[in-house]
1. Please report, to one decimal in angstroms, the Kirkwood hydrodynamic radius of the stretch 22-159 built from all distinct Cα-Cα pairs.
2. So what's the net charge close to residue 138: Lys and Arg +1, Asp and Glu -1, counting the other residues with Cβ under 15 Å from its Cβ?
3. In the neighborhood of residue 163, defined by Cβ-to-Cβ distances under 13 Å, what is the net charge if each Lys or Arg adds +1 and each Asp or Glu adds -1?
Amino acid sequence: MKQPILTVAVLLASFLLIPNAFAATSEVTWSDYKSYRDIDEGNEGRKQFRERTFKDFEQHFTKLAATLPAEQTLKIVVTDVDLAGDTNAASINRIRIIKQLYSPRMNFSYQLLDANAKAIQADDVVVKDMNFMSGNNMKYRNEPLGYEKKMLDKWFNETFKTLIIKTNDK
């Protein structure tokens with residue numbers, strides 16, 4: 001009895017992985033990150049915060065790229081980051097304070113390449129969300145970098161609207 005249940009579980013798990021096998025990939029490069037406008041860690045260690053933040057952004061770009069056609073590669077070169085909010089250096093406990101005044105912004109260049117590494121689309125962009133505290137942010141409300149992810153989603157959906165593959169989970 002256990003064998004058929006295990007077989008079914010393995011088959012279901014493998015079907016969940018199939019859509020990602022046919023998805024585009026992403027590559028993110030962090031250019032001259034020491035000169036970024038705001039990658040301030042507050043109370044967390046600078047290197048640990050930077051690595052965690054960059055990893056989170058890389059995973060988000062990977063998730064976005066997965067909605068593009070297979071065999072394409074989205075290459076991103078980030079040249080500046082300004083996270084939502086600001087860290088208060090005046091107090092002992094340096095925490096990030098979120099106010100409308102401190103909107104998220106990211107500068108980067110991107111290239112969308114086909115299977116032959118030929119550029120399909122490319123641009124240098126400044127993505128910002130001056131109204132980041134307005135509107136619906138329910139999707140990322142409990143996640144780190146939620147305002148930035150919402151901003152990147154909007155840019156991605158507008159930039160690649162004709163290329164995005166519609167799936168059942170959207």
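Values quoted throughout were computed directly from the atomic coordinates according to the rules given, and no laboratory measurement underlies them. Fair warning: this is a prediction, and the values are worked out from it, not measured in the lab. We place every Cβ from the backbone using ideal geometry, glycine too, and count neighbours over all the protein chains shown.
1. On the way: mean 1/r = 0.0631 Å⁻¹.
Final number for the Kirkwood radius of the stretch 22-159 is 15.8 Å.
2. Working: positive: 139, 141, 149, 150, 154; negative: 143, 153.
Combined, the nearby Lys, Arg, Asp and Glu give +3.
3. Values: positive: 161, 166; negative: 71, 114, 158.
Once positives and negatives cancel, what remains is -1.
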